[in-house]
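Colleague: The structure is given below, and queries will be raised subsequently.
Coordinate-derived values only; no laboratory data. Bear in mind that the values here come from a model prediction, so they are computed numbers and not experimental data. We place every Cβ from the backbone using ideal geometry, glycine too, and count neighbours over all the protein chains shown.
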Amino acid sequence: MPVHNADVAAVLNEIADILDIQGENPFRIRAYRNAARVVGELGKELGELVKEGMELTGLPGIGRDLAAKIQEILETGNCATLNKLHKQVPPSVTQLLNLPGLGPRRVRALWHDLDIQTVEQLNRAARDHRLSELPGFGPKTEQRILEAITAHAGATARFKLAVADQYARTLIRYLRNTRGVKDAVVAGSVRRMSETVGDLDILVTTDDTTAVIASFVGYDEVREILSKGKTRSTVILNSGIQVDLRVVTPDSFGAALHYFTGSKAHNIAIRRLGQKHGLKINEYGVFRGNTKVAGDTEESVYRSVGLPFIPPELREDRGEIEAAEHGLLPKLVELGDLKGDLHAHTRATDGHNSLREMALAAKARGFEYLAITEHSRHLTVARGLDPTRLLRQCDEINNLNAELPNITLLKGIEVDILGDGSLDLPDSILAQLDLVVGAVHSQFHLSRTRQTDRLIKAMEHPYFNLLAHPSGRLLGSREPYDIDMLKIIRTARRCGCFLELNAHPERLDLLDTQCQMAREEGVLIAVNSDAHSVHDFDNLVYGVGQARRGWLGKTDILNTRRLKALRVLLKHKV
Ligand code: DGT
Ligand code: CA
Ligand code: CA
């Protein structure tokens, strides 16, 4: 039974959570967290890499002990260490960590001092104001916890795109190897590259429907069969994700793919357009009366209502149909358009690979340039660079640039934007860099005005080039901070700086609608990996997906520029 990267990462993270709650050795905890992150961010399935002969100990920060545990998880889906820990700390206690604002120390206090083991118990204690008796829990914290519990209750579990995509790819490969299958493709929100995914929708064409359904429900990751009909079936996989399968004949493939790709709002708008043309459009085809006039391809469906093909990422009924009618659809950016990456870390701070390894990996992807942008000193947890270490790194970069052909490392920094909007390193140092990326890593809860002013002040700084992960949200765990994004975008235009679309699976930040806003305001976006290892460049595909959802074309993206043109844009400011 294949165990996916996200499953391995979840086990390692849970071990780290429990050790954290127990107040164990921080180095040991960090080792597990690092391992979880490294595995969780791999663009390729770990099981496959191992099969191809990769040594687990070759992964950054993974020694023999961790490698053995990962191997155990890969083989059994389980881990003896975790089972043992579960006897000491019940899983419901660990789940308290999912609530924003509750770290291990607070959870430990809640558990030890108030015997709170579940979210429900926590809710009751907060309402009775028993939390504020605990050291470190003011009335403000109590209020925030109550709000978090309420927000949490309404949220149904959705999967991050990068995670859902890995489950989908393995299943598609399995189905394509099933006898009689002509084609198997993923539809639904995964095809539209939505940042989170509720369930997988899979479409298969075949002449032997029965065999395909039997093969589908026999997939070894299936935990539960919810329904099994003649042309459709729904199952739940071990990961908890639900999969809807539709089996169609090749002549209605296009109509079915269009229908199941959605979004629902887009479908409804297209169907209404069809009615104006006297056509009936459903998942079987496009019909005039009883005659089928289109439906073997998606292009034919769009053509029947007088439209060009609309890329899946745009199908949200957010103006794409009107744009298509007027020939105004954007030509969307593609992964291959990227000439480089402007946000990456190395082992000097919290990355896992050396400068040289990162440079060679970027070169192997065909990149012309890679900006090295370590954290700055204020971010002590990431061992951020002070001026001395940064200048030393600049020397190393100069040496590597002299040595390596066909790849240029740019000297950068991901400098902390401090609470008052000033930057964490002196101007004399920033002046020596090729680019300055600025980011917020603290004081997330400032008022809208203060937070916006803080960012504006930073962007007005003469050396500031690029605002990293502008909204600050973490998918499923941290809300965006409260800022006036339009004002930020207009500041970028006024000051000649740029915004990042961070492709990290947890971030996907800028949001799609904000990309659209930036495009309308004429502000270029950098699609960056925020790579912490050589494998993280694989995540750029999700950043590009998000950029496409935001209507961005090649010319709207900063890092589709050749190096020479890029340098001009980065220097423009000073
Ligand atoms: P998700 O699963 O919540 O991430 O989002 P989707 O878009 O994958 O939604 P899902 O799985 O419920 O349905 C897949 C597609 O099927 C959806 O994008 C459009 C189509 N669909 C589902 N229900 C309806 C419906 O009632 N009317 C129409 N026109 N299309 C529908
Ligand atoms: Ca779906
Ligand atoms: Ca579905």
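Colleague: If you line up the Cα atoms of region 78-118 on their principal axes, what length do they span on each, largest first, in Å?
Modeller: For region 78-118, the Cα spread along each principal axis is 29, 20, 16 Å.
Colleague: Find the all-direction average of the projected area of the Cα convex hull for the chain, expressing the result in square nanometres with one decimal place.
Modeller: Details: hull surface 112.7 nm².
Taking the Cα atoms of the chain, their convex hull projects to 28.2 nm² on average.
Colleague: Using alpha carbon centroids, what distance separates region 245-263 and region 1-26, in Å?
Modeller: Here the two parts' Cα centres lie 39 Å apart.
Colleague: If you plug each phi of region 81-90 into the Karplus form 6.51 cos²θ - 1.76 cosθ + 1.60 with θ = phi - 60°, what whole-Hz ³J(HN,Hα) values come out, in order, with x for Gly and Pro?
Modeller: 4, 5, 4, 5, 5, 4, 6, 8, 10, x
Colleague: Quick one, can you get me the convex hull of the C-alpha atoms of region 435-483 expressed as volume per residue in Å³? Walk me through the numbers before you get to the answer.
Modeller: Working: hull volume 3.2 nm³, N = 49.
Looking at region 435-483, the number lands at 65 Å³ per residue.
Colleague: Still on this structure: Can you pull the semi-axes for region 269-387, root of five times each eigenvalue of the Cα gyration tensor, sorted largest first, whole Å? If you can, show how the numbers build up before the last one.
Modeller: On the way: eigenvalues 516, 47, 31 Å².
The answer is 51, 15, 12 Å, longest axis first.
Colleague: Here's a follow-up. Could you work out how far apart the two model spin labels at Asp482 and Ser422 are, taking each label as a point 7 Å from the Cα in the direction of the beta carbon, and quote it in nm?
Modeller: Computed distance between label sites Asp482 and Ser422 equals 2.6 nm.
Colleague: Taking +1 at the Cβ of each Lys and Arg and -1 at the Cβ of each Asp and Glu, which of Asn238, Val185, Ala162 sits farthest along the dipole of region 159-247 towards its positive end, judged by Cα position relative to the Cα centre?
Modeller: My answer, from the dipole projection, is Val185.
Colleague: May I pose another question? Can you pull the semi-axes for region 335-570, root of five times each eigenvalue of the Cα gyration tensor, sorted largest first, whole Å? Present the calculation step by step, with values, prior to reporting the outcome.
Modeller: Numbers: eigenvalues 121, 86, 53 Å².
Semi-axes from the Cα gyration tensor: 25, 21, 16 Å.
Colleague: May I ask for the percentage of alpha-carbon pairs in region 252-325 that lie more than 17 Å from each other? Don't skip to the end; give the middle numbers.
Modeller: On the way: 857 of 2701 pairs.
Of the Cα pairs, 32 percent sit more than 17 Å apart.
Colleague: Let me ask another. Quick one: dipole size for region 252-325, taken about the Cα centre, charges +1 on Lys/Arg Cβ and -1 on Asp/Glu Cβ, in debye to the nearest 20.
Modeller: In debye, rounded to 20, region 252-325 gives about 400.
Colleague: Restricting to bridges with both residues inside region 290-427, how much of the DSSP beta-bridge set is antiparallel, in percent to the nearest 5? Each step should come with its number before you reach the end.
Modeller: On the way: 1 of 11 bridges.
Counting only bridges with both partners in region 290-427, antiparallel ones make up about 10 percent.
Colleague: For Arg176 and Lys230 in one chain, what is 0.36 nm times their gap in residues minus the Cα-Cα distance, to one decimal in nm?
Modeller: Numbers: separation 54, 0.36 × 54 = 19.44 nm, distance 1.91 nm.
Length gained, Arg176 through Lys230: 17.5 nm.
Colleague: If you restrict to DSSP beta bridges whose two residues both lie in the chain, what percentage is antiparallel, to the nearest 5? Before the final figure, lay out each step's value.
Modeller: Working: 27 of 59 bridges.
Here the antiparallel bridges make up roughly 45 percent for the chain.
Colleague: Per 0.36 nm of contour for each residue apart, how much would the distance between Lys564 and Arg389 grow if the chain were fully extended, relative to their Cα-Cα spacing? Each step should come with its number before you reach the end.
Modeller: Details: separation 175, 0.36 × 175 = 63.00 nm, distance 2.75 nm.
Extending this stretch completely gives an extra 60.3 nm.
Colleague: Let me ask something else about it. What size of dipole, in debye to the nearest 20, comes out for region 159-247 about its Cα centre when the only charges are +1 on Lys and Arg C-beta atoms and -1 on Asp and Glu C-beta atoms? It would help to have the intermediate numbers written out before the result.
Modeller: Working: 13 positive and 11 negative charges, 32 e Å.
Using only the charged Cβ atoms, the result is roughly 160 debye.
Colleague: Can you pull the three principal axis extents for the Cα set of region 322-428, in Å, largest first?
Modeller: 57, 41, 25
Colleague: For the chain, with only Lys/Arg (+1) and Asp/Glu (-1) charged at the beta-carbon, what is the dipole magnitude about the Cα centre, in debye rounded to 20?
Modeller: Details: 74 positive and 74 negative charges, 177 e Å.
For this selection, approximately 840 debye.
Colleague: What does the charge count near Ser92 come to, summing +1 for each Lys or Arg and -1 for each Asp or Glu among other residues with Cβ under 13 Å from its Cβ? Please report the intermediate quantities before stating the final value.
Modeller: Numbers: positive: none; negative: Glu14, Asp17, Asp115, Glu120.
Computed value for this residue: -4.
Colleague: With runs of 4+ DSSP H residues as the only contributors, calculate the mean residue ellipticity of the chain at 222 nm using -39,500 (n - 2.57) per run, divided by the residue total and rounded to the nearest 500. Don't skip to the end; give the middle numbers.
Modeller: Details: 24 runs with 250 residues, N = 574.
That comes out to -13000 deg cm²/dmol.
Colleague: Please report how far the C-alpha centroid of region 460-510 lies from that of region 146-212, rounded to the nearest whole angstrom.
Modeller: Spelled out, the Cα-based centre of one part sits 30 Å from the other.
Colleague: Mind checking the full-extension length gain between Glu48 and Ala67? Use 0.36 nm per residue of separation minus the Cα-Cα distance, one decimal, nm. Kindly include the intermediate steps, with their values, before the conclusion.
Modeller: On the way: separation 19, 0.36 × 19 = 6.84 nm, distance 1.53 nm.
Result: 5.3 nm gained on full extension.
Colleague: From largest to smallest, what semi-axes in whole angstrom does region 5-154 give when each is the square root of 5 times an eigenvalue of its alpha carbon gyration tensor? It would help to have the intermediate numbers written out before the result.
Modeller: Working: eigenvalues 237, 43, 33 Å².
Semi-axis lengths for region 5-154 are 34, 15, 13 Å.
Colleague: So, one more: Beta carbons within 10 angstrom, averaged per residue: use that to sort the peptides 520-533, 132-145, 59-72, highest first. If you can, show how the numbers build up before the last one.
Modeller: Working: 520-533: 23.2, 132-145: 14.4, 59-72: 16.7.
In decreasing order of mean packing, 520-533, 132-145, 59-72 become 520-533, 59-72, 132-145.
Colleague: For the chain, build the charge dipole from Cβ charges (+1 Lys, Arg; -1 Asp, Glu) around the Cα centre, then report which of Gln121, Ala547, Ile310 sits farthest towards its positive end.
Modeller: Highest projection toward the positive end goes to Ile310.
Colleague: For the ranges 183-192, 41-50, 276-285, what's the packing order if you count other beta-carbon atoms within 10 Å of each residue, average per peptide, and put the highest first?
Modeller: Put in order of decreasing packing, that is 183-192, 41-50, 276-285.
Colleague: Related question: Starting from the Cα gyration tensor of region 84-146, take the square roots of the eigenvalues, sort them a ≥ b ≥ c, and report rounded, prolate or oblate (rounded when a/c is under 1.5, otherwise prolate if a/b is larger than b/c, else oblate). List each step's numbers first, then the result.
Modeller: Numbers: a/c = 1.84, a/b = 1.82, b/c = 1.01.
Verdict is prolate for region 84-146.
Colleague: Which number comes out as Rg/Rh for region 159-247 once both Rg and the Kirkwood Rh are worked out on C-alpha atoms? Provide the component values of the computation, followed by the final result.
Modeller: Numbers: Rg = 11.9 Å, Rh = 12.8 Å.
A ratio of 0.94.
Colleague: Same structure again: For region 409-427 and region 51-92, what is the separation of their C-alpha centers, rounded to whole Å?
Modeller: Between the Cα centres of region 409-427 and region 51-92 lies a distance of 37 Å.
Colleague: Run the simple label-point estimate for Phe309 and His112 please: 7 Å along Cα→C-beta, distance reported in nm.
Modeller: A separation of 6.1 nm, rounded to one decimal place.
Colleague: Summing +1 for each Lys or Arg and -1 for each Asp or Glu, what net charge is found among the other residues whose Cβ lies under 13 Å from the Cβ of Gly412?
Modeller: Values: positive: Lys411, Arg567; negative: Asp341, Glu374, Glu414, Asp434, Glu500, Asp530.
Net charge in that neighbourhood comes out at -4.
Colleague: Also: Tell me which of Ile268, Leu97, Gly136 sits at the most positive position along the dipole axis of the chain, charges placed on C-beta atoms (Lys, Arg +1; Asp, Glu -1).
Modeller: So the residue we want is Ile268.
Colleague: Could you list the residues of region 1-19 with an amide nitrogen less than 18 Å from a label point located 7 Å from the Cα of Arg223 in the Cα-to-C-beta direction?
Modeller: Answer for region 1-19: 1-15.
Colleague: Around Pro26, with a cut-off of 15 angstrom between Cβ atoms, what is the net charge of the other residues, counting Lys and Arg +1 and Asp and Glu -1? Mind dumping the intermediate values first?
Modeller: On the way: positive: Arg28, Arg30, Arg33, Arg105, Arg108, Arg383; negative: Asp17, Asp20, Glu24, Asp350.
Local net charge: +2.
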